[in-house]
Amino acid sequence: MGLLSGKTALITGASKGIGRAIAIRYAQEGANVAFTYLSSVEKGQALENELAAFGIKAKGYRSDASDFKAAEELVNAVVADFGALDILINNAGITRDNLLMRMTEEAWDEVIGVNLKSCFNTVKAATRTMMKAKAGSIINITSVVGIKGNAGQANYAASKSGIIGFTKSVALELGSRNIRSNAVAPGFIETEMTGVLDEKTVQGWRDAIPMKRGGQPEEVANACVFLGSDMSSYISGQVLQVDGAMLT
Ligand code: NAP
């Protein structure tokens, strides 16, 4: 019996990186996994087969997290296909970094849309099912940047701070329905998103972290297993940093 046996989870943006690691850890713990992708179609389809090999039900959906109507259709499809929705993980995210002076309106809107509005979209659609079930765990992936801010990432930091305010508000509104809402704030996690950076910069970041290394996607996924499972049944409204004490 896994920690998530019998539960159905929806994970956005699971074709690579942290979302992919969450999907795999969830399948290992016995959860049925619905997940989304947008541009990485082949990777998304390959993941569906990889997850099914764990003996759980798995299905990938191509869906744009920033699109309100698409999110509603997605959640309806997941509930129809799986018959339940117990855990919702908003992981889909992008960066469009630039100094404020050079940041375009499009770069602002795109990041707020994919990172922040996406959480509103899926949570709004999923709460109907969760309220009926009188149970649910919502996990939104924020970032240490949403707590501290970061030069060159005003749009990203704003989206991630927004996620924290949203997460806490949902915890306050839906706590009486036994729906929990928490955020996970990764520090520097080594994925494709960070793989595009030059090695010297990356080493500098590693050196500045008290644990002297970047985190692995699986280490964020493990925090999501905890928050999705009944092990965290009285934990809601929290921001769990997974950052090797980077922001301490
Ligand atoms: P990644 O490797 O770039 O993966 C991002 C995922 O999001 C991909 O699966 C991508 O799917 C999906 N995605 C992007 N736009 C989407 C959209 N409009 N609709 C649906 N899916 C979309 O990034 P990552 O490093 O794993 O980051 C995952 C999350 O953790 C993000 O929210 C990020 O902000 C957060 N985070 C990461 C770090 C880090 O150090 N890596 C630190 C703090 C927080 P497609 O490729 O199919 O489009």
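The values are calculated or read from the model by the stated rules, or taken from the named source; none is laboratory data. This one's a predicted model, so the numbers in the text were calculated from it and none came from an experiment. Cβ coordinates were reconstructed from backbone atoms using ideal geometry, including for glycine residues, and neighbour counts include every protein chain displayed. Heavy atoms of the whole protein, side chains included, go into the accessibility calculation; ligands, DNA and RNA do not. Shrake-Rupley method; radii C 1.70, N 1.55, O 1.52, S 1.80 Å.
Worth pointing out:
- Residue in region 207-214 that is among the aliphatic types (A, V, I, L, M), surrounded by 15 or more Cβ atoms within 10 Å (Cβ to Cβ) and modelled with pLDDT of 95 or more present: yes
- Candidates in region 171-187 are the residues that are touching a residue at least 60 places away in the same chain (Cβ under 8 Å) and over 16 Å from Val220 (Cα atoms); of these, the one that is farthest from the ligand (Cβ to nearest atom) is Gly175.
- When the helices (runs of 4 or more DSSP H) confined to region 84-167 are screened for residues that are of a type in the set (S, T, N, Q) and within 14 Å of the ligand (Cβ to nearest atom), those reaching at least 2 such residues are found at 118-133.
- Condition check for Ile89: in contact with a Cys (Cβ under 7 Å, 6 or more places away or on another chain) and open to solvent by less than 70 Å² (accessible area, probe 1.4 Å): yes
- Region 31-49, residues that are open to solvent by 20 Å² or more (accessible area, probe 1.4 Å) and more than 14 Å from the ligand (Cβ to nearest atom): Asn32, Asn49
- Filtering region 190-230 to residues that are within 15 Å of Ile89 (Cβ to Cβ) and either of a type outside the set (Asp, Glu) or within 8 Å of the ligand (Cβ to nearest atom) (or both) leaves Pro217, Val220, Ala221, Asn222, Ala223, Cys224, Val225, Phe226, Leu227, Gly228, Ser229.
- Entry remark, region 50-71: residues being more than 14 Å from the ligand (Cβ to nearest atom) and under 21 Å from Thr167 (Cα atoms) number 0 in total.
- Candidate set: region 171-199, residues that are among the small types (Gly, Ala, Ser) and more than 14 Å from the chain's Cα centre (by Cα); chosen: the one least open to solvent (accessible area, probe 1.4 Å): Ala171
- Filter result for Glu73 (surrounded by fewer than 17 Cβ atoms within 10 Å (Cβ to Cβ), acidic (Asp, Glu) and over 23 Å from Ala223 (Cα atoms)): yes
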